[in-house]
Each structure stands twice: as C-alpha cells, then as structure tokens.
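Beneath this line is the structure, given in structure tokens, with notes to follow.
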Amino acid sequence: MKRIVLKYKLRVVVFATALFCSCDFSAEKPAINNLGKADPAGKGYEIRMVYTDSTKVKAILEAPLYLDYSNLSLPYSEFPEGLKVTFLDEFNNENIVLADFGTLYNSTKIIDLVGNVSLTSSDGSVLNTEQLFWDANNDWIFTEREFRFVGPEYNVLANRLDTNKEFTKFQTGKLTGTVAVKQEPVEK
C-alpha cells in the first residue's frame, strides 16, 4: 500500500514540476497579451485627435503612427512612434506632453505615456518622468514613478504624483528639492 501511495505522490510531483517549469512569470512582458493579434483593426499616419467637452477643446493628441486594436477583448490604441498631447485650460493656455510611446485604453479613456515623458506647462515649468498616466475623463494626471518638476521658484524630485492638469490640486510621495517661499511681513 505504501508503494502505491509513494508512486502516486511521485507522479503528482513530476506533473506539478513540469507544469510550473513551463510557465513564464517574467515581469518584462507587457500586461496585455493578445496571442491571436496579427494586425491592428486600423492604422493611421500623422493623426490628430481632439478631445472636447461641451464644444470646448480640452486636449489635442498628435502622433506619427496610430494603431487601433479595438477588435480585441480589451480594446486599446497604440502610439508606437511617440505622441504629443496639448492640454488647454479655460484661458487657452497650453500644457504640452511629449512621450516616446503611448497606449490609450478605449473603455477608460486613460492614456499610458512611457519613455522620456516631458510635460511643459504654460508658465514654463517642466515635469520629467519615465511614465505618466492621463485620465481624459477626469482631466487627471498621475504616476507612481520618480519625477522631477522644475520651475522658476522650485526644483523638486519625488516618487509619486497625483494632480489635476492645472497642478492646482497636487499630491506627491517623498519629496526632496528646493522651493522658494515668499515671507509676508508680520504686522506689529
């Protein structure tokens, strides 16, 4: 009886080992895995997408190449040759974002910007990071990556960012750097 149980356990161990050794748990691969994807549903060259709200232009996305994968179970679009997003505020001031690569998730309207991401605001401030997300529905920008934000009166480095596109509501993680503070005279 012991021999049969041992033989059974050995088969289970061999099967489990083969099963787990054949799996690839690499974190280097993209989260979206579309094995059946041969070609995108559509391609566009030198595209320009305009995002509006109540006939007011909120943002303009421009890219040399646009790949549409709306035919997949998780529809998305890619900008494999980089992109430029111009945000416009209520006074038509421009904040410009550049990135080497972008993915637009159609169902959530979130754009994942990756590689040499640079955001230049209308006042000349510049934010640099390796990854930045833009939530088009909520006009919100966020990242969990380290970023540097430089302007005339500050030079900060932090490891997390959560802000509206105007940077008037701003939260960050661990922050280092310099910020100029204007001291008001004390009344006597």
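The values are calculated or read from the model by the stated rules, or taken from the named source; none is laboratory data. Since we're looking at a predicted model, the values are computed, not measured. Note that we place each Cβ from the backbone using ideal geometry, even for glycine, and neighbour counts take in every protein chain shown.
Hey, among the residues in the range 46-62 that are over 21 Å from the mean Cα position of the chain (by Cα) and of a type in the set (Val, Ile, Thr), which one's nearest to ILE96 (Cα to Cα)? Quick ask: steps written out before the conclusion?
Taking the range 46-62 first, the residues over 21 Å from the mean Cα position of the chain (by Cα) are 46, 53-57.
Subset that is of a type in the set (Val, Ile, Thr): 55, 57.
Numbers: THR55: 21, VAL57: 14 Å.
Among residues in the range 46-62 that are over 21 Å from the mean Cα position of the chain (by Cα) and of a type in the set (Val, Ile, Thr), the one nearest to ILE96 (Cα to Cα) is VAL57.
When you scan the range 71-101, how many residues do you find that are basic (Lys, Arg) and at pLDDT below 90? Residues in the range 71-101 being basic (Lys, Arg) and at pLDDT below 90: 0 in total.
Based on what the data block shows, is VAL117 under 14 Å from PHE79 (Cβ atoms) and either out of contact with any strand residue (DSSP E or B) (no Cβ under 9 Å at 6 or more places or on another chain) or not hydroxyl-bearing (Ser, Thr, Tyr) (or both)? Lay out the reasoning, then the answer.
Values: under 14 Å from PHE79 (Cβ atoms): yes; either out of contact with any strand residue (DSSP E or B) (no Cβ under 9 Å at 6 or more places or on another chain) or not hydroxyl-bearing (Ser, Thr, Tyr) (or both): yes.
Yes; evaluated as a whole, the condition is true for this residue.
Against the list (1) at pLDDT 90 or above; (2) closer than 27 Å to PHE147 by Cα; (3) out of contact with any Lys or Arg (no Cβ under 9 Å at 6 or more places or on another chain), the condition PRO30 fails is (1).
Which one is farthest from the chain's Cα centre (by Cα), of the residues in the range 85-102 that are of a type outside the set (Phe, Trp, Tyr) and under 16 Å from THR129 (Cβ atoms)? Within the range 85-102, the match that is farthest from the chain's Cα centre (by Cα) is ASN95.
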